[in-house]
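Step one of this worksheet: look at the structure below.
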Amino acid sequence: MDTTQSRLWHERAEAVILGGVNSPSRAFKAVGGGYPIVMAKGQGSHFIDVDGNDYIDYLAAYGPLINGHAHPTVIQALQEAALDGILYGTPTPSEVEFAEILRTAIPDLERIRFVNSGTEAVMTTIRVARGVTERNKLIKFEGCYHGHSDAMLVAAGSGPSSIGVPDSAGIPQSTAADVITVPFNDISALEKALLIHGNEVAAVLVEPIVGNFGMVAPESETYLQSVIDLAHRSGALVIFDEVITAFRFHYGSAAELYGVHPDLFAMGKIIGGGLPIGAYGGRREIMEKVAPLGPVYQAGTMAGNPASMKTGIACLSVLRDNSVYERMNRLGAKLEQGILESAQRAGLPVTINRIGGAFTVYFTNQKVTQYQHAKASDGKLFAAMFRGLLARGVFIAPSKYEAWFVSTAHNDADIEKTLAAVEDTFQEMKSHD
Ligand code: PMP
């Protein structure tokens, strides 16, 4: 496969854009380096790079493109939005309509605010929780990414209730000291952390289904309810980060799948239909602490912009028909089974975590329920799979921690072509063993 034009564009990019990418995850650093593939256009389940190579897309732009590229309903909404003028800086009907749609789908969103990214949504829920509880500390879970705000770039220290150390330069130690990290799927670790710090904790922040060390569901049906009960017993609020999970597995929240009710939600990705978006919301009496009604400040020039509102409404209208989720689940199951069979034939240690159309391929024999298991997945084998698939026209995220996303645009022919690419790639990996 000739990717010369990608290389040339990347060289040009490096001279003006720091590192040649506008988000570090787009660099191919985790898969052995080299230039990233530069894309030119997308249609349905495929995209085409600047050399004209065609790829089946399982990146889905890291999640938002649940309806694939250039879905006609979404494109029509975007065109209409553009023709009416892009931005007013005033209230508009579309933001009201969209908020009503979200509240109908997720009744716990008694009041909503639109922002521009998942980072902003999470960051603001934290400020709200701190404002409401008048406490500073936060509890999050090991290996979970919640955007790049200062407090959320704090990784785990060692031990179940250790105080975090920053994962990035430029984060004040005082910020890191307020973040406690515990392992996911370990209720006693949370219990211990709350025993020690409980009366200082403003919020426990969790993804109901983890999406950032692969797809990892709660091990027990009652885990999330226990997280909520323990947090509430300490007077802390519970924030669900549903930036990846909202509308991913069914038309609504992941919280609903477990019958639980967090105090606040943060959302993004799918709800924008591919345009920049974030949203947060929750219980009315909590949200009423936000300006202009309350003392917690949050604002945004682009917040609730009509284009994102209209593409969001269009995207969710496609998902309203629940059969699309059955279809993504069926295609996801077919991929899972085929990949496992190819792995077995090649003698590769593969474990797959799949929820509906989203799944992660780990190179380990161990069950993956916590970050440490995902960390143990073999990065060299992952890089070999990534390269093999790329060369055969199958694009997955260049990180062993990311998921493959099946969209409503994928079809059986895509899955069969993907499985043939997986089979060849795994056989090639075996012969290089
Ligand atoms: N929370 C989660 C769970 C995410 O996966 C992400 C992005 N991958 C974010 C927050 C941040 O969202 P954004 O990139 O839109 O700022």
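All of the numbers you see were taken from the coordinates with simple rules; none came from a lab. This structure is a prediction, so every number in the text was calculated from the model and none was measured. Positions of Cβ are backbone-derived with ideal geometry, glycine not excepted, and every protein chain shown enters the neighbour counts.
When the Cα positions of ILE106, GLY32, TYR401 are compared along the charge dipole of the chain, GLY32 comes out farthest toward the positive end, with charges on each C-beta of Lys, Arg, Asp and Glu. Counting only Cβ charges, +1 for Lys and Arg and -1 for Asp and Glu, the dipole size of the range 299-433 around its Cα centre is about 300 debye.
Placing +1 on the Cβ of every Lys and Arg and -1 on the Cβ of every Asp and Glu, with no other charges, gives the range 321-382 a dipole of roughly 120 debye about its Cα centre. The length gained by stretching the chain between GLU97 and GLN76 to full extension, at 0.36 nm per residue less their Cα-Cα distance, is 5.8 nm.
Take the Cα of GLN43, step 7 Å toward its Cβ, do the same at ARG12, and the gap between the two points is 2.3 nm. Considering only SER323, GLY282, LEU138, the residue lying farthest towards the positive end of the dipole of the chain is LEU138, judged by Cα position with unit charges set on Cβ. Which trypsin sites (Lys or Arg not before Pro) from the range 297-367 combine a DSSP loop assignment with at most 16 other Cβ atoms within 10 Å? Qualifying residues, ordered by number: ARG320, LYS367. Residue exposure proxy: LEU78, LEU195, ordered by other Cβ atoms within 10 angstrom of their Cβ from fewest to most, comes out as LEU195, LEU78. Computed per residue of the chain from DSSP H runs no shorter than four, each worth -39500 (n - 2.57), the mean residue ellipticity at 222 nm is -11500 deg cm²/dmol.
Take the Cα of ASP54, step 7 Å toward its Cβ, do the same at ALA291, and the gap between the two points is 5.2 nm. Taken about its Cα centre, the chain carries a charge dipole of roughly 400 debye when the Cβ of each Lys and Arg holds +1 and the Cβ of each Asp and Glu holds -1. Between SER188, SER377, SER45, the Gaussian network model of the chain with springs among Cα atoms under 10 angstrom shows the greatest mean-square fluctuation at SER188. Go ahead and run the numbers for FRET between MET1 and SER220, Cβ-Cβ distance against an R0 of 51 Å, rounding to 0.05. Rounded to the nearest 0.05, the efficiency is 0.70. Pairs exceeding a 28 Å alpha-carbon distance, out of LYS310/LYS417; LYS140/LYS269; LYS192/LYS269: LYS310/LYS417; LYS192/LYS269. Can you compute the FRET efficiency between ASP433 and LYS192 using 1/(1 + (r/R0)^6), with r the Cβ-Cβ distance and R0 = 35 Å? Round to the nearest 0.05. Efficiency, rounded to the nearest 0.05: 0.25.
Here the gap between ARG284 and GLU341, fully extended at 0.36 nm per residue and compared with their Cα-Cα distance, gives a gain of 15.6 nm. Given VAL115, GLY20, GLY170, which one lies farthest toward the positive end of the charge dipole of the chain, if we put +1 on the Cβ of every Lys and Arg and -1 on the Cβ of every Asp and Glu? Result: GLY170. Among the chymotrypsin sites (Phe, Trp or Tyr not before Pro) in the range 28-83, none sits in a DSSP loop with a Cβ that has at most 15 other Cβ atoms within 10 Å.
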